[in-house]
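A.B. asks: Got a structure for you, questions after.
The values are calculated or read from the model by the stated rules, or taken from the named source; none is laboratory data. Since we're looking at a predicted model, the values are computed, not measured. Note: ideal-geometry Cβ built from the backbone for every residue, glycine included; neighbour counts use all protein chains shown. Each accessible area value is taken on the protein alone, full model and side chains, heavy atoms only, with ligands, DNA and RNA left out. Shrake-Rupley method; radii C 1.70, N 1.55, O 1.52, S 1.80 Å.
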Amino acid sequence: MGEHLGVGIGWRSEIDLTVERMQGVDFVEVVAENIHRDHLPESLRVLRARGLPVLPHAVSLSLGGAEPLDTDRVEHLAAVADLLDAPLVSDHVCFVRAGGLDSGHLMPVPRTRDALEVLVANVTQARSILGRPLALENIAALLEWPNAELTEARFLRELVERTDCLLLVDVANMWANAKNLGADPVELLDGIPLERLAYVHVAGGVEVDGVYHDTHAHAVPQGVLDLLGELCSRVRPPGVLLERDDRYPSDAVLADELAAIRAVVAA
Amino acid sequence: MSREEVAAAQGELLRSLLAGGSPPAGFDPGAIRVEAAALLGKRRRIVREIDPGTAEELGDRFAELFAEYALANPRRDGSRFREDAVAFAAWATERGHLRRARRRWWRRSG
């Protein structure tokens, strides 16, 4: 299990003052690709000076990509982690680039033995560069690869156990996959090694034409909080973090969402 | 599936989602369409944020023109969204959808 973090929110430059002023923020996360490797935004320096953990979260390592790992991106993440003196870093179980193209978003990998071997090799190589704990996050997908050989739970479990990684469990992504792909989030919670939990992501989304989009730009649905409750009934999460990336609401609304998260964790 | 085969399958999926390639065997074509639309929408939102002036001038035609541009110019590995926004504005200008005098670099150099 990862070290205690508490309740946090994703730091974004658009809401830097909001995050600085908000009561009861125990830690924050920053998108590593948005940070220079040699100097921090003033707001993050303020938070670090207060002793708040700031965790770099990467979105572009493409750890599930079968082409050679882009070690420059891993080195950037490591440099940002050094600058923040971060206890851990994270990225997703996904691929982003292939065949010379960049999807601009997190794409699911085939749940096959061979794709698992690719991930294990890339994550092992990345860890040797990072030199600190790496947490891997489950993603939301709008499509599924055919011919899966492993359940998502089995796939994630083997991945983190073989690479000695932590888990960053995104309950909003689990909720999205339940809605869009018919995945069973409770079965997933039962099958993943929660003793390796680093922290949890919570986010909102919106349903358009029968498809649930995990936008990080809308209110957190009750179903996502219920899943957080399911998780908390199995394990006390070291941390829970709200991700909000767009269409920022008032400070009061964000504070209410954090309070709702805190209430679920404390229940 | 070897590592090379996984790479080829991932490349085929991205070509289908980003560059108008046929849906790879075994995938639900409906899900491919939904994912392709979601990826296009995200790319369009980011370009609009970077260059709101171009989106504003194109008005109602922005989404349609951006879709046409995006299909012909899928984002390359290593490219940046800022370059994407500049390339879209150039593409729209070349085709007469944008007035040249409005381009920001004219104002800057002037």
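A.B. asks: Expressed as an acute angle from 0 to 90° and rounded to the nearest 10, what is the orientation of the C-alpha long axis of helix B:29-50 relative to the principal long axis of chain B?
C.D. replies: Its long axis makes an angle of about 30 degrees.
A.B. asks: Moving on. For region B:25-105, with every protein chain kept in place, what is the accessible area per residue (1.4 Å probe, Å²)?
C.D. replies: Numbers: 4670 Å² over 81 residues.
Solvent-accessible surface per residue comes out at 58 Å².
A.B. asks: Separate question: To the nearest 10 Å², what's B:I46's accessible area with a 1.4 Å probe?
C.D. replies: Surface accessible to solvent at B:I46 totals approximately 40 Å².
A.B. asks: Around A:L197, which amide H atoms from residues at least 5 apart in sequence, or from another chain, sit under 5 Å from its own amide H, with H modelled in the peptide plane?
C.D. replies: Placed amide hydrogens put A:G2, A:L167 under 5 Å from A:L197.
A.B. asks: Helix B:3-18: angle to the longest alpha-carbon principal axis of chain B, degrees 0 to 90, nearest 10?
C.D. replies: Taking the Cα atoms of chain B, the angle to B:3-18 is about 40 degrees.
A.B. asks: Could you give the nm distance between label points at B:F81 and A:V208, where each point is 7 Å from its Cα heading toward the beta carbon?
C.D. replies: 1.5 nm
A.B. asks: Rolling a 1.4 angstrom probe over the protein chains, ignoring ligands and nucleic acids, what is the accessible area of B:V6 in square angstrom, nearest 10?
C.D. replies: Result for B:V6: roughly 0 Å² accessible.
A.B. asks: Round to a whole angstrom and tell me the spacing of the C-alpha centers of region B:1-59 and region A:129-189.
C.D. replies: 22 Å
A.B. asks: Among A:P56, A:P108, A:P68, which one shows the biggest mean-square fluctuation in a GNM of chain A, springs joining Cα atoms closer than 10 Å?
C.D. replies: Largest GNM mean-square fluctuation: A:P68.
A.B. asks: While we're looking at this one, here's another question. Count, for each residue of A:91-101, the Cβ atoms from other chains sitting within 10 Å of its Cβ, then give me the mean as a whole number. Let's see the in-between values first.
C.D. replies: Working: counts 0, 0, 0, 0, 5, 3, 7, 11, 14, 9, 13.
Across A:91-101, the average partner-chain Cβ count within 10 Å equals 6.
A.B. asks: Considering only protein heavy atoms, with the full assembly of protein chains and a 1.4 angstrom probe, order A:H218, A:H57, A:H105 by accessible area, largest first.
C.D. replies: Details: A:H218 45, A:H57 5, A:H105 65 Å².
Result of the area sort, largest leading: A:H105, A:H218, A:H57.
A.B. asks: Rounding to the nearest 10 and keeping the result within 0 to 90°, find how far the Cα-based axis of helix B:62-72 lies from the longest principal axis of chain B.
C.D. replies: Computed tilt is about 50 degrees.
A.B. asks: Which value, in square angstrom to the nearest 100, describes the accessible area buried between chains B and A on both sides, using a 1.4 angstrom probe?
C.D. replies: Working: alone 7770 and 11500 Å², together 16560 Å².
In total, this chain pair buries about 2700 Å².
A.B. asks: Please work out how much accessible surface A:W145 shows to a 1.4 Å probe, ignoring ligands, DNA and RNA, in Å² rounded to 10.
C.D. replies: Around 40 Å² of this residue is reachable by solvent.
A.B. asks: Can you put B:K42, A:K179 in order of accessible area, largest first, using a 1.4 Å probe? Don't jump to the answer; show the numbers that get you there.
C.D. replies: Values: B:K42 60, A:K179 100 Å².
Solvent-accessible surface, decreasing: A:K179, B:K42.
A.B. asks: Further question: For peptide B:27-37, what's the mean number of Cβ atoms from other chains within 10 Å of each residue's Cβ? Before the final figure, lay out each step's value.
C.D. replies: On the way: counts 4, 3, 1, 1, 7, 2, 2, 8, 8, 2, 4.
The mean count of partner-chain Cβ atoms within 10 Å per residue comes to 4.
A.B. asks: Could you state the accessible area per residue of chain A in Å², with a 1.4 Å probe and every protein chain left in place?
C.D. replies: On the way: 10160 Å² over 267 residues.
Value returned for chain A: 38 Å² of accessible area per residue.
A.B. asks: Report the relative contact order of chain A, percent, no decimals, based on alpha-carbon pairs under 8 angstrom and at least 6 residues apart. Walk me through the numbers on the way to the answer.
C.D. replies: Numbers: 510 pairs, mean separation 51.0, N = 267.
Once normalised by length, the contact order is 19 percent.
A.B. asks: Spelling out what I want: for every residue of region A:61-69, take phi, set θ = phi - 60°, compute 6.51 cos²θ - 1.76 cosθ + 1.60 (Karplus), and round to whole Hz; glycine and proline get x.
C.D. replies: 5, 6, 4, x, x, 8, 7, x, 4
A.B. asks: Test of understanding: in a Gaussian network model of chain A with alpha carbons linked when under 10 Å, which of A:L142, A:L231, A:L166 would top the mean-square fluctuation ranking?
C.D. replies: A:L142
A.B. asks: Toward the positive end of the charge dipole of region A:114-251, about the Cα centre and with charges on Cβ (Lys, Arg +1; Asp, Glu -1), which of A:A135, A:L116, A:G223 goes farthest?
C.D. replies: My answer, from the dipole projection, is A:A135.
A.B. asks: Now, a different point. Taking 7 Å along the Cα-to-C-beta vector as the label spot, tell me the A:R113-B:E5 distance in nanometres, rounded to one decimal.
C.D. replies: Going by the 7 Å Cα→Cβ label model, 1.1 nm.
A.B. asks: What translational diffusion coefficient, in µm²/s and rounded to a whole number, does the Stokes-Einstein relation yield for the protein assembly as shown at 4 °C and a viscosity of 1.567 mPa s, taking the hydrodynamic radius as the Kirkwood radius over Cα pairs?
C.D. replies: For the chosen part, D equals 60 µm²/s.
A.B. asks: Separate question: With a point put 7 Å past each Cα toward its Cβ, work out how far A:E187 is from A:I129 in nm, to one decimal.
C.D. replies: Result for the modelled spin labels: 3.6 nm.
A.B. asks: Continuing with this model, one more query. Let me check against my output: what whole-number percent is the relative contact order of region B:3-109, with C-alpha pairs under 8 Å and at least 6 apart? If you can, show how the numbers build up before the last one.
C.D. replies: Working: 61 pairs, mean separation 25.5, N = 107.
In percent, rounded to a whole number, it is 24.
A.B. asks: Quote the charge dipole size of region A:6-266 about the Cα centre in Debye, to the nearest 20; the model charges only the Cβ of Lys and Arg (+1) and of Asp and Glu (-1). Show your work: numbers first, answer last.
C.D. replies: Values: 22 positive and 41 negative charges, 112 e Å.
Roughly 540 debye for region A:6-266.
A.B. asks: 5 Å is the cut-off here: which amide hydrogens, built 1.01 Å from N in the peptide plane, fall below it relative to A:G6, excluding neighbours closer than 5 in sequence?
C.D. replies: A:G239, A:V240
A.B. asks: Still on this structure: Could you identify which residue out of A:G24, A:G65, A:G99 has the top mean-square fluctuation in a GNM of chain A using Cα springs shorter than 10 Å?
C.D. replies: A:G99
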